[in-house]
1. Can you give me the number of residues within region 155-171 that are touching a residue at least 24 places away in the same chain (Cβ under 8 Å) and more than 12 Å from Gln39 (Cβ to Cβ)?
2. Looking only at region 73-85, decide whether some residue is modelled with pLDDT under 75, assigned to a helix (DSSP H, G or I), on the phi < 0 side of the Ramachandran plot and surrounded by fewer than 17 Cβ atoms within 10 Å (Cβ to Cβ).
3. Tell me, which residue of region 1-41 that is of a type in the set (A, V, I, L, M) and surrounded by 13 or more Cβ atoms within 10 Å (Cβ to Cβ) is farthest from Glu129 (Cα to Cα)?
4. Of everything in region 136-169, what is within 13 Å of the chain's Cα centre (by Cα), in a loop (DSSP other than H, G, I, E, B) and not small (Gly, Ala, Ser)? Give them in sequence order.
5. Do you know which residues across region 1-53 are aliphatic (A, V, I, L, M), touching a Ser or Thr at 6+ places or on another chain (Cβ under 9 Å) and at pLDDT below 85?
6. Hey, could you check region 86-105 for residues that are of a type in the set (Val, Ile, Thr) and out of contact with any Gly (no Cβ under 9 Å at 6 or more places or on another chain) and say which is modelled with the lowest pLDDT?
7. Counting only residues that are surrounded by 15 or more Cβ atoms within 10 Å (Cβ to Cβ) and closer than 12 Å to Gln36 by Cα, which one in region 119-137 is modelled with the lowest pLDDT?
Amino acid sequence: MKYFLLGLLAIIVLAALSLVGTYNSLVTKSQSVDGQWSQVEVQYQRRLDLIPNLVESVKGFMVQEKTIFDNLAKARQGYAGAQTVDQKAQAATQVESALGRLLVIMENYPELKSNETVAKLMDELAGTENRVSVERRRFNEMVQDYNTTILKFPTNIIAGMMGFSKKAFFESVAGAEAAPKVDLTQ
């Protein structure tokens, strides 16, 4: 009887340790996903901080393109007011679209492209866009790892009992894959 109780106690202790280990692993993965989203937002903020400098530099050359600058400012404000990952993704797409229109305009003004300040800001913006892309990819990889973990047996039982649920991937809004169309005749 004594060995039976010791064996039962050992099984209970091992089960408890396994439960604690699984819970801690889920907490770590969940926090990693949240931390990675913060890295995405850091790059979005870097982009948003560069935009006013770029716009001010370009404005001196292109007073007649006020609509483009207004749209860029509105898109930037839209991102600042977004609350959820989906809202931020949609707002980021609007910023990207407005930036795309600005880039097309810059292609039509060779003297603008040769301006050192504008060229430097464009390089910074291009670097930021690459960073945004990398951080989004990392975020989605972490979400995939977390979601896979909470769906696997027996972790799915523990995840359900402890309130862990799937996290949303970053997804671009519909139409984000299409290049913006710019009509300068308006």
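1. Let us first name the residues in region 155-171 that are touching a residue at least 24 places away in the same chain (Cβ under 8 Å), namely 155, 158-159, 162, 164, 167-171.
Then keep just the ones that are more than 12 Å from Gln39 (Cβ to Cβ); that gives 155, 158-159, 162, 164, 167-169, 171.
Here the count works out to 9.
2. Within region 73-85, the subset modelled with pLDDT under 75 is none.
Checking region 73-85: not a single residue is modelled with pLDDT under 75, assigned to a helix (DSSP H, G or I), on the phi < 0 side of the Ramachandran plot and surrounded by fewer than 17 Cβ atoms within 10 Å (Cβ to Cβ).
3. If we filter region 1-41 for residues that are of a type in the set (A, V, I, L, M), which is where we start, we get 1, 5-6, 8-17, 19-20, 26-27, 33, 40.
Those still in the list that are surrounded by 13 or more Cβ atoms within 10 Å (Cβ to Cβ) too: 19, 26, 33, 40.
Values: Leu19: 42, Leu26: 31, Val33: 21, Val40: 11 Å.
For region 1-41, the residue satisfying everything is Leu19.
4. In the first step, residues of region 136-169 are kept if they are within 13 Å of the chain's Cα centre (by Cα); the result is 136-143, 168-169.
Now restrict to residues that are in a loop (DSSP other than H, G, I, E, B): 168-169.
Of everything in region 136-169, just one residue is within 13 Å of the chain's Cα centre (by Cα), in a loop (DSSP other than H, G, I, E, B) and not small (Gly, Ala, Ser), namely Phe169.
5. We begin by selecting, within region 1-53, every residue aliphatic (A, V, I, L, M); these are 1, 5-6, 8-17, 19-20, 26-27, 33, 40, 42, 48, 50-51.
Now drop any that are not touching a Ser or Thr at 6+ places or on another chain (Cβ under 9 Å), which leaves 26, 50.
Leu50, the sole residue that qualifies.
6. Just the residues of region 86-105 that are of a type in the set (Val, Ile, Thr), to begin with: 93, 95, 104-105.
Okay, now just the ones that are also out of contact with any Gly (no Cβ under 9 Å at 6 or more places or on another chain), so 104-105.
Values: Val104: 71, Ile105: 68.
For region 86-105, the residue satisfying everything is Ile105.
7. Looking at residues that are surrounded by 15 or more Cβ atoms within 10 Å (Cβ to Cβ) and closer than 12 Å to Gln36 by Cα, I get Val132.
The values are calculated or read from the model by the stated rules, or taken from the named source; none is laboratory data. A quick note: this is a predicted structure, and the numbers were derived from the prediction, not measured. For neighbour counting, all protein chains shown are included, and Cβ atoms are generated from backbone atoms with ideal geometry for every residue, glycine included.
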